[in-house]
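A quick write-up on the structure given underneath.
Derivation of every value follows stated rules applied to the coordinates shown; laboratory data play no part. All values derive from a computational prediction rather than experimental measurement. Here the Cβ is made from the backbone with ideal geometry for all residues, glycine too, and neighbour counts use every protein chain on show.
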Amino acid sequence: MLRGSGNSAAPYISSRPFNGYVGSSASFQLAGRWLVECSEGHEECRSLAGGFCPTRLVDLKRGLGLDFVKVVSSWSLRPTRETVYATLSYCWGGDQAIKTLRSTLQSHQAGIKISSLSQTLQDAIKVARSLRVEFLWIDSLCIVQDDPRDVTEEISRMSDYYENAFICISAASASSCNEGFLQPRSGNPYHHGPFELPYRGPDNSMGSIKLVTYADYSSALEPAKARAWIMQESLLAPRLLSYSYRNLAWSCRRVNCSDGGPYRPAHGWHDFKERENWRRSQREDAHSHESFSIKYWKELVQSYSRRGLTVPEDKFPALSAVAQKYAHTNSSLKYLAGLWHNTSHKCHPLFSQLFWTTPLYEFRFSHNLSFLGERYSRNLEAKSIHRSRGCLAPSWSWAAIDGPIIYEDWGDHMFEASNFKILDARVDAEIQQAPFGAVRSGWLTVKGGMREIVPSTEVAVLPSTEMVQPGVVYRPDSEEDNKDLYKIMNGRMQGWLLEVASGGGNAKSTTPHWNANMPKGLILVADRADYRRIGLFSLENERDSSFSNTDLSSYFGEPQTITIV
């Protein structure tokens, strides 16, 4: 149910029709009102600006002329409390014709003709000027793209750049920098309607309302939600002005709202769930609850792993700003290639983070996904999960996989196996000055019970690609690991089970065919003198009644000390 502007039903009906004219003067004025209300009226948002400057900024001041901007160094600005800047969050969608290089830095500092820039950058300049923000940080112009040292240093500072920005402009609807984001939105956002009906308000005034049902839509389908780099930009921004597929939306520490659309009191006007969860994780009361911090990190990683990267080597750098902020607010935790470790706790949070897995079956057996519709089934059928060939990551890190990962959730009912201990954990960064960036190597030294996998022809392959022997379920991490598991079962390769966790009496598994109350852990194969992970396993007593609890005490043998790379 919607109401239009200037309608006597306005005081009683909160929802309004979508305004698809995001580049109109009315939309610019609305964005300006949101910004003023936030910066001047929200107590929790008043301290979100001023005094900090990135290394370089794009100067938008009209003194340069309406047709030009230029790149300036922060040392030349002498920033004060009143110096504020905006950031642009957008998809490159390929290379850009105009970007700052060693050979163009000097000319860009003299001036850049706006019309020579890609459409998304032109639109961002227009929005920033309408908001009366004089400086804009754009990565392609403010980072010297062919200077590895400058790139590394600037990426390591992105946490500060986005967190201290006055506002972040998100080109959420544009899949490339050439598309722009201020064009009128096309398509009918409603599945049925609108049907206009007369409406009598509580004060007996007459107006009208419109009845609609909304077309299927999720902001998760927007290009911005598909790109890995953009996630940390939207999470860290104190204020986010999002130009989505449908309309204009706003998010700050107090308010989520949009220019039309369904009103949901619990969530505001727009889908900002990730931002809400991020803010919750950064509150002081959350810092004291390590289990909550780890739980949220797992959710964040699951979302991040579903996003794409043009350059696979960027997997850690594209998450580095969020990881850096997380480390700052969770000082007891040590960052290890996308996971967190705390050696001071008796129960290490790292052990539960080892239980990531992949939805391999969703991609290999798409004929079982007819309920998602033909389009989804067709797309999924062509995909599979592989070990990463671009991002160097330890086999025990989720980052070693190219594709979505999921975490098993057993609540508080899973415990480290009595014989399992993490003795040492270390990751060497590719660049020492960027500890949250790309890694060179990493390993876990652990002590635990192990059992060699016995080759067997008595193996069933479930539709989920899990392999089942009597009493054991195997879940490979990737297509390559699946092939290794077949070799193990055929006796052409050695494999081992490392017991990591045991379940409590009330544990419940979210993965089909897994018994959460039984021991489970990592499937390992030899890697020279060490071991590497190829999947997860779970013992099952429901499939084989002869596999009793008595057998478990001796199933894994005496604990061994090993290194997993």
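Protection proxy ranking for 67-80, 471-484, using the average of other Cβ atoms within 10 Å per residue and placing the highest first: 471-484, 67-80. The residues packed around V427, meaning those with a beta-carbon under 13 Å from its beta-carbon, carry a net charge of 0 if Lys and Arg are +1 and Asp and Glu are -1.
Legend: residue pairs K273/K421; K273/K315; K210/K298; K210/K273; K99/K298; K487/K520, Cα-Cα distance threshold 31 Å; pairs beyond threshold, K273/K421; K210/K298; K99/K298.
Ranked by how many other Cβ atoms sit within 10 Å of their own Cβ, fewest first, the residues V446, V454, V301 fall in the order V454, V301, V446. Counting 0.36 nm for each residue step from L66 to F415 and taking away their Cα separation leaves a gain of 119.3 nm. Annotation: peptides 519-525, 224-230, ranked by per-residue average of other Cβ atoms within 10 Å with the highest first, follow the order 519-525, 224-230. Note on A529/S332: beta-carbon distance plugged into 1/(1 + (r/R0)^6) with R0 of 45 Å gives a FRET efficiency of 0.90. A cut-off of 5 Å between modelled amide H atoms, ignoring neighbours fewer than 5 places along the same chain, links L336 with H341.
Protection proxy ranking for 490-498, 555-563, 200-208, using the average of other Cβ atoms within 10 Å per residue and placing the highest first: 490-498, 555-563, 200-208. Spin-label model, T445/Q29: points 7 Å from Cα along the beta carbon direction are separated by 6.9 nm.
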